[in-house]
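Engineer: Just dropping this structure here.
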Ligand code: GLN
């Protein structure tokens, strides 16, 4: 493939490859460290050959389905700019529903409420909660050491004090209790037709295998031992899993079950309270 010579040429190449114009502008803007406004007024700016070659490669990868966030190395979540890598799920706007709910609950919680985010990935949920409610003491857990490095880097870059621990769900939290437990666990069923389109993201963050409910079950089962009386559990789940999650919460003895929908109108986050 011929490397593009200038900005206009790069946008032409993107069009020929079927890459969305906005994505192409964001890639160019990251490669040249210039704003999109600058690009528009510098159509004829020459591209240094190393940048041009790398850009041609990235446009080809984007055309083949590589998410833009991985190519530019960051995404925005709940107003925070977060580094992401292929070791982490790319945070979705849908998950902001969970964060907004958590922040509402924290308004009524003890001022120094203890919060934990299980399966934190890039740290998105934990960091957005800490940013929105700085008095909360926020912990986050992930099994993946590589993901935790990304999360710690995000915490450092944003100056947000979240404490990260490596381990399998509840395992690093023995004996600890919280006012609020949140999680966006892997929940996609292994036969879900959407899974192949997500192939660039870590499978372990997307699907626990089987019907997709096992991680949600582990969270519901273990939460009471880690909740102060009156504490809340908020779980993101698949569009068709709200009933199964509600049944599990009820069976485990939770109260005040509630459900919120995502931006697309799908039932996406279930919450319930542990009265002890
Ligand atoms: N909501 C994401 C999707 O469907 C998946 C996130 C997850 O499995 N926790 O693309």
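Engineer: Identify the residue in the stretch 97-123 that is within 12 Å of the ligand (Cβ to nearest atom) and in contact (Cβ under 8 Å) with a residue 60 or more places away in the chain and, among all such residues, is farthest from residue 140 (Cα to Cα).
Structural biologist: Ranking the qualifying residues of the stretch 97-123, first place goes to 97.
Engineer: Give me the pairs: first residue in the stretch 262-275 and under 14 Å from residue 219 (Cα atoms) and touching a residue at least 12 places away in the same chain (Cβ under 8 Å), second residue in a loop (DSSP other than H, G, I, E, B) and within 12 Å of the ligand (Cβ to nearest atom), beta-carbon distance under 8 Å, and six or more apart or on different chains, which are they?
Structural biologist: Cβ pairs passing all conditions: 269/237; 269/262; 270/237.
Engineer: Would you be able to say whether some residue in the stretch 165-182 is surrounded by 15 or more Cβ atoms within 10 Å (Cβ to Cβ), in contact with a helix residue (DSSP H, G or I) (Cβ under 8 Å, 6 or more places away or on another chain), in contact (Cβ under 8 Å) with a residue 12 or more places away in the chain and closer than 18 Å to residue 77 by Cβ?
Structural biologist: Yes, the stretch 165-182 has at least one match.
Engineer: So, of the residues in the stretch 2-32 that are on the phi < 0 side of the Ramachandran plot and outside any helix (DSSP H, G or I), which turns out to be surrounded by the fewest Cβ atoms within 10 Å (Cβ to Cβ)?
Structural biologist: 2
Engineer: Among (1) away from the ligand (no atom under 12 Å from the Cβ); (2) touching a residue at least 40 places away in the same chain (Cβ under 8 Å); (3) under 20 Å from residue 147 (Cβ atoms); (4) in contact with a helix residue (DSSP H, G or I) (Cβ under 9 Å, 6 or more places away or on another chain), which single condition is residue 218 missing?
Structural biologist: Status for residue 218: all satisfied but (4).
Engineer: Here is a follow-up. Only residues that are surrounded by fewer than 24 Cβ atoms within 10 Å (Cβ to Cβ), modelled with pLDDT of 95 or more and assigned to a loop (DSSP other than H, G, I, E, B): list them for the stretch 89-118, please.
Structural biologist: 89, 90, 92, 113
Engineer: Of the residues 149, 139, which single one is surrounded by fewer than 24 Cβ atoms within 10 Å (Cβ to Cβ), under 19 Å from residue 90 (Cα atoms) and more than 13 Å from the ligand (Cβ to nearest atom)? Even if it seems obvious, please write down each step before you answer.
Structural biologist: On the way: 139 fails: under 19 Å from residue 90 (Cα atoms).
Among 149, 139, only 149 is surrounded by fewer than 24 Cβ atoms within 10 Å (Cβ to Cβ), under 19 Å from residue 90 (Cα atoms) and more than 13 Å from the ligand (Cβ to nearest atom).
Engineer: Residue 57 is checked against (1) away from the ligand (no atom under 15 Å from the Cβ); (2) buried (at least 19 other Cβ atoms within 10 Å of the Cβ); (3) assigned to a helix (DSSP H, G or I) and fails just one. What number does that condition carry?
Structural biologist: (2)
Engineer: Within the stretch 191-204, can one find any residue that is buried (at least 22 other Cβ atoms within 10 Å of the Cβ) and either within 16 Å of the chain's Cα centre (by Cα) or over 20 Å from residue 137 (Cβ atoms) (or both)?
Structural biologist: Of all residues in the stretch 191-204, those buried (at least 22 other Cβ atoms within 10 Å of the Cβ) come to none.
So far as the stretch 191-204 goes, no, none of its residues is buried (at least 22 other Cβ atoms within 10 Å of the Cβ) and either within 16 Å of the chain's Cα centre (by Cα) or over 20 Å from residue 137 (Cβ atoms) (or both).
Engineer: May I ask you to verify whether residue 131 is farther than 21 Å from residue 176 by Cα, at pLDDT 95 or above, within 16 Å of the ligand (Cβ to nearest atom) and in contact with a helix residue (DSSP H, G or I) (Cβ under 9 Å, 6 or more places away or on another chain)?
Structural biologist: Values: farther than 21 Å from residue 176 by Cα: yes; at pLDDT 95 or above: yes; within 16 Å of the ligand (Cβ to nearest atom): no; in contact with a helix residue (DSSP H, G or I) (Cβ under 9 Å, 6 or more places away or on another chain): yes.
No, not satisfied.
Engineer: What residue, among those in the stretch 221-270 that are within 15 Å of the ligand (Cβ to nearest atom) and closer than 18 Å to residue 114 by Cα, is surrounded by the fewest Cβ atoms within 10 Å (Cβ to Cβ)?
Structural biologist: 234
Engineer: Additional query: So is residue 183 within 12 Å of the ligand (Cβ to nearest atom) and touching a strand residue (DSSP E or B) at 6+ places or on another chain (Cβ under 6 Å) or not? Please lay out each step first, then the result.
Structural biologist: Working: within 12 Å of the ligand (Cβ to nearest atom): yes; touching a strand residue (DSSP E or B) at 6+ places or on another chain (Cβ under 6 Å): yes.
So residue 183 fits the description; yes.
The values are calculated or read from the model by the stated rules, or taken from the named source; none is laboratory data. Keep in mind that what you see is a predicted model, and the values were worked out from it rather than measured. In this analysis, Cβ positions are derived from the backbone assuming ideal geometry, glycine residues included, and neighbour counts consider all displayed protein chains.
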